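Colleague: Mind having a look at this structure? Questions to follow.
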Amino acid sequence: MRKNRVVLASAAMVVAASLAACSSGNQGGTQPSGGGNAGGGKPTIAFVQGVIGDNFYISMECGVRDAAKALGAEVTVQGPQKWDPALQQPIVTSVLATKPSAILIAPNDVSALQRPLEEAAKDSKVVLVDTTVEDPAFAVSEIASDNVGGGAAAFEAIQQLVPDGGKVLVIDNQPGISTSDDRVKGFEEAANKDSKFEYVGVQYAKNQPAEAANIVTATLQKHPDLKAVFATNLFSAEGAATGIEQAGVKGQVQVIGFDAGPAQVDALKEGTLQAIIAQQPYDIGYKGVEQALAAIEGKPTEKKIQTGFTIVTMENLETDEGQKALYASECS
Ligand code: T6T
C-alpha cells in the first residue's frame, strides 16, 4: 500500500505539468456579441456559482475576487441553494436585469441553461467556468479541468490500489452536468479496457452526501466483494466516505474522490478515502475574470482554457504541493 501511494503522488505531478503545457497551446479569438461597461466606471462582473456552500466554488470565488481587485472590476457573487437548473435560471434572469459587463457562470445543466445563456450573451460577455453547455459558441471563453482525463486518472489510481482488480462502482451527482459526465466517461473508458475489473455501473446521489452513503451501503449488500468506488465530486466523495465508515469496510474498499474540501481531507486522514483529485478552482476563477475583462475591452480571448489537477494522498498531503492543492472555506 505504501509503495502504491508513492506512485500516485508522483503521477500527480506529471499530470499537472502536462496539463499546464497543454493549456498554453489554446487558440485565441475575438467574440462579436454583447457586453459593455454600462455604469461608465469599473466593469461589472456577475459570478454565478454552480451551488453555494461548495468549497470548490468558494475557492473559485476567491480567485474571482482577487483578480477583480488586481485588475479593477466590480464583482457580485450568487448561486442556487441546491444543484438545480430550475433554481439557477431565475438567478441568471435577475443578474441580467442588473446589466453586468460580464457573467461568469458554472451552468447546472448542459441543455437547460443553453437558451438563457445565449440570451445573456446578447447583452453581456459570458465566460463559462467549470461546467459548460451543449453549444457554447456564444461564450467568450470556457475554463475547466480536464475532466475526461481526471476520470481516467481516478481509474489509474484504483488500478494501483487494487492491483488484482475486482468490482468498481461510480457515484455521480446527476446526468447532464458536463464536468461529471466527462469524469464518468473517462473512468468508464479506462475501466472497460482492463479485464481484471468489473464495472458495476454509475449511481446518482444528486449532490446529497446522505444519498451517496446509502448507495455505498446498498451496493455492498448486493456486491459484498466490491473493491473500489470513484466518487465524481465533493459531496459524492463525502457521502461515500461516510458509507464506508458505516459499513465497517474502511481500507477494504478503496475510495477515490474528486475535489479537496475539508471533509475530503478529514476522510483521507481517517482512511475512508485513499486519494482525492484536487482541481484548481482558484485559477479557474482568476482566469475567468482575465478573459471577461479582455472581452469587455475588445481584446482577443482564449476560447478554451484547461487547468490541471493534483492527486492528493496521505503521502503528499502535508507537502507544499498537497497543501496548496486544498480548497478554501473562505477567502482571505
Ligand atoms: O467537482 C466540482 C465541480 O467541478 C463540478 O462541476 C460540480 O461539483 C463540484 O463543485 C464539487 O462539488
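The values are calculated or read from the model by the stated rules, or taken from the named source; none is laboratory data. Because the structure is predicted, anything quoted here is derived from the model rather than measured. Because the Cβ atoms are built from the backbone with ideal geometry, glycine has one as well, and the counts that use them run over all protein chains shown. To get the accessible areas, we keep the full protein, side chains included, count just its heavy atoms, and leave off ligands, DNA and RNA. Shrake-Rupley method; radii C 1.70, N 1.55, O 1.52, S 1.80 Å.
Colleague: Taking into account only those residues within region 88-103 that are farther than 17 Å from Pro43 by Cα and in contact with a Leu (Cβ under 9 Å, 6 or more places away or on another chain), which is nearest to the ligand (Cβ to nearest atom)?
Modeller: Gln88
Colleague: (1) within 14 Å of the ligand (Cβ to nearest atom); (2) surrounded by fewer than 24 Cβ atoms within 10 Å (Cβ to Cβ); (3) not in a helix (DSSP H, G or I): which one isn't true of Gly257, the others all being true?
Modeller: Condition not satisfied by Gly257: (2).
Colleague: Being in contact with a strand residue (DSSP E or B) (Cβ under 7 Å, 6 or more places away or on another chain), open to solvent by less than 40 Å² (accessible area, probe 1.4 Å) and either modelled with pLDDT under 95 or assigned to a loop (DSSP other than H, G, I, E, B) (or both) is the filter here; which residues of region 292-309 pass it?
Modeller: If the condition is that a residue be in contact with a strand residue (DSSP E or B) (Cβ under 7 Å, 6 or more places away or on another chain), open to solvent by less than 40 Å² (accessible area, probe 1.4 Å) and either modelled with pLDDT under 95 or assigned to a loop (DSSP other than H, G, I, E, B) (or both), then Phe309 is the only one that fits.
Colleague: Pull up region 239-254, narrow it to residues that are part of a helix (DSSP H, G or I) and of a type in the set (S, T, N, Q), then point me to the one that is surrounded by the most Cβ atoms within 10 Å (Cβ to Cβ).
Modeller: Thr242
Colleague: Which residues, taken from region 51-87, are among the small types (Gly, Ala, Ser), away from the ligand (no atom under 14 Å from the Cβ) and buried (at least 21 other Cβ atoms within 10 Å of the Cβ)?
Modeller: Of everything in region 51-87, those that are among the small types (Gly, Ala, Ser), away from the ligand (no atom under 14 Å from the Cβ) and buried (at least 21 other Cβ atoms within 10 Å of the Cβ) turn out to be Ala67, Ala68, Ala73.
Colleague: Tell me yes or no: at least one residue of region 173-191 is in contact (Cβ under 8 Å) with a residue 40 or more places away in the chain, away from the ligand (no atom under 16 Å from the Cβ) and of a type in the set (A, V, I, L, M).
Modeller: No, every residue in region 173-191 fails to be in contact (Cβ under 8 Å) with a residue 40 or more places away in the chain, away from the ligand (no atom under 16 Å from the Cβ) and of a type in the set (A, V, I, L, M).
Colleague: Suppose we keep only residues that are open to solvent by 10 Å² or more (accessible area, probe 1.4 Å) and under 19 Å from Gly150 (Cα atoms) within region 208-238. Which one would you say is nearest to the ligand (Cβ to nearest atom)?
Modeller: Asn233
Colleague: Would you mind stating whether Ser180 is among the small types (Gly, Ala, Ser), closer than 22 Å to Pro281 by Cα and either under 22 Å from the mean Cα position of the chain (by Cα) or open to solvent by 30 Å² or more (accessible area, probe 1.4 Å) (or both)?
Modeller: Judged against the criteria, Ser180 is a match.
Colleague: Cβ-Cβ under 6 Å, sequence separation 6+ or interchain: first residue in region 194-221 and assigned by the TED database to the domain that holds Gly239, partner charged (D, E, K, R). Which pairs?
Modeller: Between residues of region 194-221 that are assigned by the TED database to the domain that holds Gly239 and residues that are charged (D, E, K, R), the close pairs are Glu198/Lys167; Val200/Lys167; Val202/Asp172; Tyr204/Asp172; Ala205/Glu211; Pro209/Glu238.
Colleague: Can you tell me which residue in region 105-164 is nearest to the ligand (Cβ to nearest atom), limited to those that are part of a helix (DSSP H, G or I), under 12 Å from Ser178 (Cα atoms) and not β-branched (Val, Ile, Thr)?
Modeller: Across region 105-164, the extreme among qualifying residues is Asn147.
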